[in-house]
1. Output the residue which, of all residues in the stretch 101-142 that are of a type in the set (D, E, K, R) and assigned to a loop (DSSP other than H, G, I, E, B), is most open to solvent (accessible area, probe 1.4 Å).
2. Would you check which residues across the stretch 190-213 are in a loop (DSSP other than H, G, I, E, B), in contact (Cβ under 8 Å) with a residue 40 or more places away in the chain and within 17 Å of the chain's Cα centre (by Cα) and list them?
3. Which of the residues belonging to the stretch 152-180 are surrounded by fewer than 23 Cβ atoms within 10 Å (Cβ to Cβ) and either over 18 Å from residue 113 (Cβ atoms) or touching an Asp or Glu at 6+ places or on another chain (Cβ under 9 Å) (or both)?
4. Check the stretch 24-33 and report whether any residue there is closer than 26 Å to residue 129 by Cβ, touching a helix residue (DSSP H, G or I) at 6+ places or on another chain (Cβ under 9 Å) and not aliphatic (A, V, I, L, M).
5. Quickly run through the stretch 62-80 and pick out the residues that are in contact with a Phe, Trp or Tyr (Cβ under 7 Å, 6 or more places away or on another chain) and crowded, with 18+ Cβ neighbours inside 10 Å.
6. Could you list all residues from the stretch 143-176 that are in a strand (DSSP E or B) and either of a type outside the set (Gly, Ala, Ser) or at pLDDT below 95 (or both)?
7. May I ask you to verify whether residue 13 is at pLDDT below 95, open to solvent by less than 70 Å² (accessible area, probe 1.4 Å) and part of a loop (DSSP other than H, G, I, E, B)?
8. Please enumerate the residues belonging to the stretch 166-185 that are free of Cβ contacts under 8 Å to residues at least 24 places away in the same chain, small (Gly, Ala, Ser) and on the phi < 0 side of the Ramachandran plot.
Amino acid sequence: MKYQLVIFDWDGTLMDSVARIVSSMQAAASECGLPMPEAAAVRHIIGLSLQQAFPLLFGPLPAGQADTLLAVYRRHYMELNSTPSPLFDGVADTVMDLHRDGYRLAVATGKARAGLDRVLEETGLGRYFHALRGADQARSKPHPLMLEQILNELQLSPGQAVMVGDSSYDLAMAEAIGMDRIGVTYGVHDHEKLCQHTPLALIDDIRQLPHWL
């Protein structure tokens, strides 16, 4: 095995939650009296922490307004929005197969840790991951702190791990510490953006991942 650890992004990589994120953000903006962002603009910021994403979508916001928007967005996403957000086809089997084959697995996500814990419980995949980092536990992507924390926790070097993600933020944070990276093309960023960070491969289906590993 070339790698001991496979680190996954969550939204847009393992879970098909992009449409739910977009519609929840638009609904939250409307409720808070802010201009409704275009779907493409919301897609572009998926992967960042919400605190970093808000200024890109709405410009500078007073701290109180940003806190309100965050609470409203989370309420829409978790309680009010009925848009399905299933795992992508093949994700559960791929995760279980990699775990069975001896890989250690981790998640580094722009979700808050509580949100990550919730979806891991809902999907039943939590038992397969050895380390988890949410956006509120480290600096936002593309800063590599999440990856550094995971490596430190598992006592591994960047060369022993590979990052798998659908956004340029995922690949950029791995690139920053010399970690190999694989892009998935079915998420938020296109081939051109992903290729700017010299991935080992771009895959169109998560079931192709074991071949590249």
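The values are calculated or read from the model by the stated rules, or taken from the named source; none is laboratory data. Nothing here was measured: the structure is a model prediction, and the numbers come from that model. Here Cβ is always computed from backbone atoms with ideal geometry, including for glycine, and neighbour counts include all displayed protein chains. Side chains included, ligands, DNA and RNA excluded: accessible areas come from the protein's heavy atoms. Shrake-Rupley method; radii C 1.70, N 1.55, O 1.52, S 1.80 Å.
1. Filtering first and then ranking leaves 139.
2. If the condition is that a residue be in a loop (DSSP other than H, G, I, E, B), in contact (Cβ under 8 Å) with a residue 40 or more places away in the chain and within 17 Å of the chain's Cα centre (by Cα), then 205 is the only one that fits.
3. 155, 156, 157, 158, 159, 160, 172, 175, 176, 177, 178, 180, listed by residue number.
4. The answer is yes, given that some residue of the stretch 24-33 is closer than 26 Å to residue 129 by Cβ, touching a helix residue (DSSP H, G or I) at 6+ places or on another chain (Cβ under 9 Å) and not aliphatic (A, V, I, L, M).
5. Listed by number, the list holds a single entry, 69.
6. Scanning the stretch 143-176 gives 162, 163, 164.
7. No; evaluated as a whole, the condition is false for this residue.
8. Within the stretch 166-185, 183 is the sole residue that qualifies.
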